[in-house]
Every structure is written in C-alpha cells, then in structure tokens.
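The structure under discussion appears below in the form of structure tokens.
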Amino acid sequence: MPYKEKEISKLYYSIGEVARMFNVNTSLIRFWEKQFDIIKPKKNKKGNRLFTKGDVDNFHIIFHLVKERGFTLEGAQKKLKDNKDDTINNIEIVKSLERVKGFLVELKENL
C-alpha cells in the first residue's frame, strides 16, 4: 500500500488570512464579528484574533448572504436565526453548481 500524505489543515487562521480568503478588509471581518454572534474567535495573550474552521465556515455563510445575495445585516441576522440549515444547504448547492459549471467550461475548451 503506497504512502499517502495527509492533507494539512490549519487549526487557527489569523484575521489577515480570513480577510484574504474573502478579498475584504480586516476591518470588515472585525465588524462582522461584532454584528453576528455565531462568530467567536479565540484571542491570544496579545489580543490577536484566531479564527477556527467553523468561524471561517460561518463567514462563508455571512458573505454569501450579505455580498452575494444582497441581504442587509439585519436581514442576514434574521435569516441565520430563523433557518441557518436552509441557508447552508443553499450555499452548498451553489458551490456544487459552480463546480459543475467549471467542469463543463473546461470540457468545452478542450473540445
């Protein structure tokens, strides 16, 4: 059986890394942290925020609602409070469709 390297995943992400993931300023990350109670980063002794994978997933949800679907902050908060699972399912469907679209575009270019 050949050796297979494990995929390295980080336990914590800095605020700069999270901001780069979403192509936004760090100030927006701090603002969303204050506005949405589902984001609870750990802080080290220096006060630097350390975001977990769960926090990053929650940022994906918030980013999808606010930036992609055009919700207001209050609307996004209400949507998350009322039916977070429905929102997560919609995001996963959109990601899946984007992967299929990418595959089809690549297939078309190779023809």
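Nothing in this text is a laboratory measurement; each read-out follows from the coordinates by a stated rule. This is a predicted model, so every value here is computed, not measured. We place every Cβ from the backbone using ideal geometry, glycine too, and count neighbours over all the protein chains shown.
Quick one: dipole size for the chain, taken about the Cα centre, charges +1 on Lys/Arg Cβ and -1 on Asp/Glu Cβ, in debye to the nearest 20.
For the chain, the charge dipole is close to 580 debye.
Distance in nm between label sites at T72 and S96, each 7 Å beyond Cα in the beta-carbon direction?
My value for the distance between the label points is 3.3 nm.
Which loop trypsin sites (Lys or Arg not before Pro) in region 48-111, with loop taken from DSSP, have no more than 16 other Cβ atoms within 10 angstrom of their Cβ? Working shown, then result.
Working: sites: R49, K53, K67, R69, K78, K79, K81, K84, K95, R99, K101, K108; in loops: R69.
Loop-located and lightly packed - R69.
Can you give the helix-only mean residue ellipticity at 222 nm for the chain, where every DSSP H stretch with n ≥ 4 adds -39500 (n - 2.57) and the sum goes over all residues, rounded to the nearest 500 deg cm²/dmol?
My calculation for the chain gives -20000 deg cm²/dmol from helical runs alone.
Using 20 Å as the Cα-Cα cut-off, could you pick out the over-long pairs in K43/K79; K34/K79; K46/K67; K10/K101?
Violating the 20 Å Cα-Cα cut-off are K43/K79; K46/K67; K10/K101.
Along the charge dipole of region 15-82, pointing to its positive end and built from +1/-1 on Cβ of Lys, Arg, Asp and Glu, which listed residue (L65, A76, I29) has its Cα farthest out?
Toward the positive end, the furthest listed residue is I29.
So what is the relative contact order of the chain, in percent, for Cα pairs below 8 Å that sit 6 or more residues apart?
Computed value for the chain: 20 percent relative contact order.
Just to be sure I understand, if you calculate Rg and Dmax of the Cα atoms in Å for this structure, which of (1) 14.3, 44; (2) 17.1, 56; (3) 14.8, 47 do you get?
Computed from these coordinates, Rg and Dmax of the Cα atoms in Å corresponds to label (2).
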